[in-house]
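Report on the following structure.
The values are calculated or read from the model by the stated rules, or taken from the named source; none is laboratory data. Note that the coordinates shown come from a computational prediction; the quantities given were computed from them, not determined experimentally. Here the Cβ positions follow ideal geometry from the backbone for every residue, glycine too, while neighbour counts run over all protein chains shown. Ligands, DNA and RNA are stripped out before the accessible areas are found, and what is left, the full protein with its side chains, is counted by its heavy atoms. Shrake-Rupley method; radii C 1.70, N 1.55, O 1.52, S 1.80 Å.
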Amino acid sequence: MQNTEYVSPEFARQLILDELFDLSLYKRFREISGPELHPTLDELIKVESGHLGFWQELFNVEISELNFARRLKLEMIVLVCRLFGAPAIDLILEAIEVYGIRKYLTLWKQNKDNPMGKAVQGILKDEFEHEDVIVGRLKDRIINPDRIRNIFLGLNDGMVEILGAVAGFFASFGQNALVLLAGLTTAVAGSLSMAAGAYVAVSSENEVRRTQEEKARFLEGGTGEEPRTEPAIRSAAIVGVSYFIGASFPLLPVIFGAHTALWSILTAGTIIILVSMALAFLSGMDVKRRALTNLVIITVAAGVTYLIGMMVRNLLGIEI
């Protein structure tokens with residue numbers, strides 16, 4: 001009989017499928033990765049096999065094959081990792097770790113006063129103590145995960161903001177050349193503004209971190225290593241450039257002669273969904289929720305700015 005007193009049978013199957021997906025992914029990573037990652041992946045496979053066996057025994061449910069959606073997701077991830085190699089594997093391992101911790105923390109909070117909570121507590125200890133140590137062994141990171149997330153956030157912000165601006169410009173100006181000029185001006189201004197904001201933020205963060213680390217070194221009475229900080233100018237460049245690249249997607253249809261905001265909405269909307277999915281995955285967030293949230297945001301942004309543009313053109317009598 002299934003031990004589903006505290007969770008539904010469907011949720012039990014989802015837990016088992018999640019563990020089977022992670023285990024299958026680690027095994028595929030081992031097939032396509034170099035020998036330097038094999039020890040790490042071997043230990044992850046061992047841990048994940050234990051987790052899978054635990055849930056199958058607890059719920060008395062044995063699942064040996066992934067469903068179609070998870071198989072498709074698995075092949076897409078493997079394809080990306082074949083193209084980009086060890087850095088992509090590194091990022092995905094960290095994303096899976098974050099997602100697993102968030103999922104099991106939520107489950108534990110909901111069931112901490114019953115036997116299910118005790119069962120989840122054991123899994124969480126593995127996530128925090130064992131898998132965190134294993135993934136943390138990947139010291140020579142070619143790509144900083146936080147930097148990758150910042151790139152995606154910059155792309156996302158640029159697309160959403162300039163898409164809204166283009167919709168408003170089409171409503172008020174109506175002319176392709178004027179929309180393009182206004183859109184490019186807004187994109188450049190936004191890019192510089194984002195870069196400046198990132199520079200100030202990282203500079204301030206570096207100062208605070210440097211002060212705290214120097215205080216700790218003083219109290220400990222040792223010299224220690226110099227505090228490591230993120231170069232502010234590099235962060236500013238990454239944010240500014242990624243914003244401008246994101247802003248270029250709504251402008252592409254205008255560059256090629258579009259006379260309405262429809263093509264900008266379709267182009268930017270498609271890219272925004274893809275970026276949202278990547279950002280959600282790398283951040284351990286719910287992919288569907290993130291994509292739906294961004295769809296609502298771009299719909300509201302385009303709709304509101306279009307209405308404002310129409311008001312400027314009709315109510316105030318501005319014609320260009």
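Rounded to the nearest 10 degrees, the angle from helix 9-32 to the longest Cα principal axis of the chain is 90 degrees. Please give the contour-minus-distance gain from F256 to L178: 0.36 nm per residue of separation, less the Cα-Cα distance, rounded to one decimal in nm. Difference between extended and current length: 26.7 nm.
Look at the Cα gyration tensor of region 1-83: its axes a ≥ b ≥ c give a/c of at least 1.5 with a/b at or below b/c, and that counts as oblate. Accessible surface of V188, taken over heavy atoms with a 1.4 Å probe and every protein chain present, rounds to 70 Å². Of the peptides 173-185, 249-261, 108-120, the order by per-residue mean of other Cβ atoms within 10 Å, starting with the highest, comes out as 249-261, 173-185, 108-120. At the residue level, R102 shows approximately 120 square angstrom of accessible surface with a 1.4 angstrom probe and all protein chains present. Relative to the dominant Cα principal axis of the chain, helix 176-220 is inclined by about 40°.
Net charge of the neighbourhood of L105, taken over other residues with C-beta under 11 Å away and scored Lys/Arg +1, Asp/Glu -1, is +3.
The helix-based estimate of mean residue ellipticity at 222 nm for the chain, built from -39,500 (n - 2.57) per DSSP H run of four or more residues and divided by its residue count, is -27500 deg cm²/dmol to the nearest 500.
Using the Cα centre of the chain as origin and beta-carbon charges of +1 (Lys, Arg) and -1 (Asp, Glu), tell me which of V200, W263, M310 is placed farthest towards the positive end of the dipole. Going by the charge dipole, the pick is M310. The label point for M277 and the one for R234, both projected 7 Å from the Cα toward the Cβ, are 3.1 nm apart. The angle separating the long axis of helix 86-111 from the principal Cα axis of greatest extent in the chain is about 70 degrees. Counting only protein chain heavy atoms and rolling a 1.4 Å probe, the accessible areas of T299, T106 rank, largest first, as T299, T106.
Of interest is the spacing of the C-alpha centroids, which for region 21-37 and region 83-115 amounts to 17 Å. Rolled with a 1.4 Å probe across the full set of protein chains, the surface gives Y306 an accessible area near 100 Å². Can you tell me the dipole magnitude for the chain around its Cα centre, using point charges on the Cβ only (Lys, Arg +1; Asp, Glu -1), in Debye to the nearest 20? Roughly 760 debye for the chain. Mind running the shape call on region 231-312? Use the C-alpha gyration tensor, a ≥ b ≥ c as the square roots of the eigenvalues: rounded below 1.5 for a/c, prolate if a/b tops b/c, oblate otherwise. It comes out oblate by the Cα gyration axes.
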